[in-house]
Each structure stands twice: as structure tokens, then as C-alpha cells.
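Notes to accompany the following structure.
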Amino acid sequence: MFEQNEIYFDDLADELFVSRSTLSSDFKKIRQKFKPYHLKIESKANKGVYVLGQERDKRRFIMDYFIDSGFINTMHSYVDNELLNQKISFEELTIIVLDECREGGLKLSDFVIQNLVIHIALAIRRITEGFRISKVSEDELVLRGLAERQIAENILKRVSVSTHIDFPADEVDYITLHLVSKGHGSACHISEVLQEQIRQELIDSIDQINPTVKNDFQLIEGLLAHLSTMFIRLQSRVVMENPLTAEIKANYRDMYQLAERVVANMPTFSAYTLSPNEIAYIALHFMAAKERYKEQRKYNVLVICATGYGSAQMLKSRIENELGNLVSITDVIGYYEINDEKLKGIDFIVSSIALSNLIFNIPVFTVSVFLNDEELKDIKQGISNLNRSLANVENRQSELSVSDVFDDYFSEDYFFLLSDASKEEVLQKLAQSISQNENEQFEERLLNMMKQRESMSSIVFGKNIAVPHPLKAVGSKHHFAVAIVKNGVKWDEQYLSIKIIFLMSMSIHDNDGLPELTSAIVDLVDNPKLQEQMLACQSFDEFKKIFLTI
């Protein structure tokens, strides 16, 4: 947006996997952040969305963004100033790189800038310790005359003034190579197709080793920026010493071996033999990620109580006293105040009233207002498991399995395969199917209670699944009615093609096994392959077989 390139609102929403309403809300926040810098967001039909303002104000905002977003701290987590024998701070290096790249009209992502700053910092140590980078073949890369080379010269001239270090031409060439391989200017030596191939191979490789890490956007983008430049370097047979290799191999052996395994699983690099220096550079990214994980933000907690103000404050105080180093309480609300806005950004819920009649795609802990030791233990255990599962952790002690209770809740009589249907038609059909043996007001009450529940917060999970359910139990027997709609249902303006609908009706008597089933449904949300299998099933027996594999 800062470069006034054509970035259109709908394209941006698709790229970020968010709805238009979510993106509009984010843009409101961005506009507020821009105000102190005299910057505005403009939108035109033929130009898309862009930032309007003076160049100096843009640079001031970008630099503040790097500092506020933890960019500088992230670089310190790669290697600290003492280790680098630094004569210049990361902050000053970042300002120099930002200034010269923008002066030269070169557009780089923040991850590329981060990598470049770190490589310049390492170059300073390389030179002071007598290491040298091998000569870049100018005939092969045609570096002379490129705008990127002039930018590289300007960067290193300013660094030289601050550090009193003379950078050889080979270092200028290497910085040029870095800029050429990653810039969005006229001379880009790595195609978007190849970059996307490297990205996918990287994600697949990491997924084989540790699936949770592939969701670390900062790690993936930082590695992608590094590997793209490394690919050009390998093609050009550029050898670069790493002054930290010995220390990384000695003190961070696990990170070094992880880097080896990740690259070994990437076909793009199978034709090359990577030196320990190259592996050590890659290991730096995993070292930084490990440090970030140690300093992760506190978990955002929503506390739900009955209306009593005193008991609510008592529970809040207990949580802050016992878990203050792990959690941040975003709000304390009553049962009827639950809505999507209150749930936004929440990692888990702590409630003094039972919420077993509501389904959330985040963990829920039911506790007393006194928060006893056993409840504290459950919450701490849940926090340690938070990254491994989004399953509802209420009633953790239950030993029932999904297969034990499936037939008690599901039936072929409540299962439908449909081609097309409206939301109202689906809900009516499902409600009717479970109305047998209930009183004559059951169906109407069920539909009304479901409408009340949905007014509190969304009952849609992921892009394919909805779990409508009443605000409270209205039936004498518990049921799940299921509809699989081939062409999808327009649920609302945000969700236009819901294909799997689980209507849950709780019993006013007992609901043994319900938490296990709702946990399975939440797990299904995170399993697109199983969703595809479920959408393709042709019978209730097929559906059951697939559901029991969750």
C-alpha cells in the first residue's frame, strides 16, 4: 500500500483469508494508527487501496512499526550485539537499509529487510575476524549497472561511516545479490513460481518434523526470504563464511540438526551440497523462533460469571493472583453478554457457570469462584496443551470415547444428504427429524432457542461447518441431526457455502459423552481432508466410519 501499487480490497481479503467485514474493521484500526503520522488510506476503483502522505512520514511510520512490532527484538534474538562485536546498533542498520531502499525505489518485505540487516551485521563480524566472501561472477549475474548495486553501495557507504570498516567490492556484490533476488523491481532473478515452490517445499518439510511450527508466519517468511537468496547463491557458486558456525554447532546443536533435516527434505536443494556455514545461517532462524516462543504473549482469557459483581471480582482476583504470569483477563462478563465481539482474540474461557450447552472452538474451563487447586491444575494442563488441540477441555476426567457414545446421539433417521437447500429449510428438516417422542411445542422452542443462541455469537466453524444448537436444553433426549449439502447453504452474508451442518439438541436430563462429541467436531474443523471425505460420503454408515476416525 505504501508504494501505491494496485492492491484491491477483495484480493487482500482473499489473500489474508478473512471476510470483508473483518478487513474493514482492521482498516479502521490502521487509519487510527496512521493519524499521528499524517497518513491516510485512499481507495479508488482503478488504483485499489493505497497510502497517501509525505515520504518522510511514511518512513517514520515504517521505522516505528519495526520497533513496535518486535522486529528489533527479533533480530536481537538471532544474535546479540556482544556476539557480533557490534560497532553499530540494529536500529541504525535498519534505518540505513530502509532509507536507501526507499530512496532507490526498491520495495522489500519486512522479512527481507530483517534478513538483510542481519546479514550486514554478520558481514561486519566476518570482516573484523578476517573472513571473506567468495567473488560473485559479474558476467553470470550482470550486476554492474543495476539499480540494486547502487543501493547496495549506498547502504555500505553509510555503514562504513558509522563503523569505520571498509567493505570490499565482493560484499557490495553480495548485498546486490540479496536485493536483486528479493526486490520487486525490474531485475528479479527468482521467479514467483520458483518462490512459491520453495515455500510449499518448506512448509511440507517442516510439517513432517513438527506440524505446529508450520503456522509460525514469521519463521516461514523469514526462512523463505533467506532460502530464496541462498538458491541464487548456490547457483552462482558463491561461498560465504559464517563467523557463528562453530558456536552454533557447539551450543545450539539441536537447531543446527533441525536446519539440516528441513533442507534435506526440500527437492529444490537436493542437487546442492550445503556447507556447515549455510546450515548455520538457516539454524539462526530456528534459534530466533525458539526465543520468540519463550517470550510468547500471555493467553487472553474471557471470564464468565453469574450476575453477582462480588463473585465475579473474586474469581478475577484469584485468576490474576495464581495465573497472572500466564494469562491476561480481557473482560469479565455475564452469561447473556456472550457474543462474537467478546470472543474475538480469546484463547480460552474460564466460567463459574456451566457452558456445556454451548459450543465454542476454544477451550472452556468450568470452575468455582474460589478457583481451587484442582481447577488451577486443570487450567495449567490445558494451557500446556493449547497449541496441540483446540478441543473443548471441559470434563477432562471423562474416560468415554467418541465410539462409545456415537450411537446414543446419532441415527440414520436424523441424517440427510441434500443437493440444495436454504438455511431455513435445513434447520426445519433437522428439527423435525428429532421431534419424535418430544412434546408438540418442542420443534418451535428448539428453533427459537437456536435463533437466540446464534444472536449471541457465531455457530459457524471454519468455512464448511455449522453447529446450530439451542441456548439451553429443551428436549428429553439428546440428539445430533446431520445434513450434508452438496452445493452448500448460504448461512449469512459472511458464510455463503456451509456444507456440513450438525444440529445439536441437548437433554434436560443428562448429556454423558457430549463433550467428547463436540470436541471431535471442533477437531474436524481443523481437518480439511476428513471434511472432503465426509462431503463425498453416500450413506450414514460411511459418515459414521469417517466421524469415528476423528
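We did not get these values from a lab; they are worked out from the coordinates using the rules stated. Since the model is a prediction, treat every value here as computed from it, not as a measurement. Counting neighbours? That spans all protein chains shown, and the Cβs are built from the backbone with ideal geometry, glycine included.
Report note on the peptides 363-369, 412-418: ranked by the mean count of other C-beta atoms within 10 Å, highest first, their order is 363-369, 412-418.
The 3J(HN,Hα) values that the Karplus relation (6.51, -1.76, 1.60; θ = phi - 60°) gives for region 111-117 are, in residue order, 5, 5, 4, 4, 4, 5, 4 Hz. Gly and Pro appear as x. Packing order of peptides 50-56, 314-320, highest average first: 314-320, 50-56 (average count of other Cβ atoms within 10 Å over each peptide's residues). Spin-label model, ARG31 to SER455: label points 7 Å out along the Cα-to-beta-carbon direction sit 3.0 nm apart. Dividing the mean sequence gap of close Cα pairs (under 8 Å, 6+ apart) by how many residues region 402-550 holds gives a relative contact order of 27 percent.
In order along region 408-419, the phi-based Karplus estimate (6.51 cos²θ - 1.76 cosθ + 1.60, θ = phi - 60°) of 3J(HN,Hα) comes to 6, 10, 9, 8, 4, 5, 10, 10, 9, 10, 10, 8 Hz; Gly and Pro are listed as x. Each of the peptides 108-117, 250-259 was scored by the mean count of other Cβ atoms within 10 Å over its residues; in descending order, highest first, they stand as 108-117, 250-259. Across region 459-474, rounded Karplus estimates of 3J(HN,Hα) from the backbone phi angles (6.51 cos²θ - 1.76 cosθ + 1.60, θ = phi - 60°) give 10, 9, 10, x, 9, 10, 10, 10, 10, x, 7, x, 4, 8, 5, 10 Hz, Gly and Pro being marked x.
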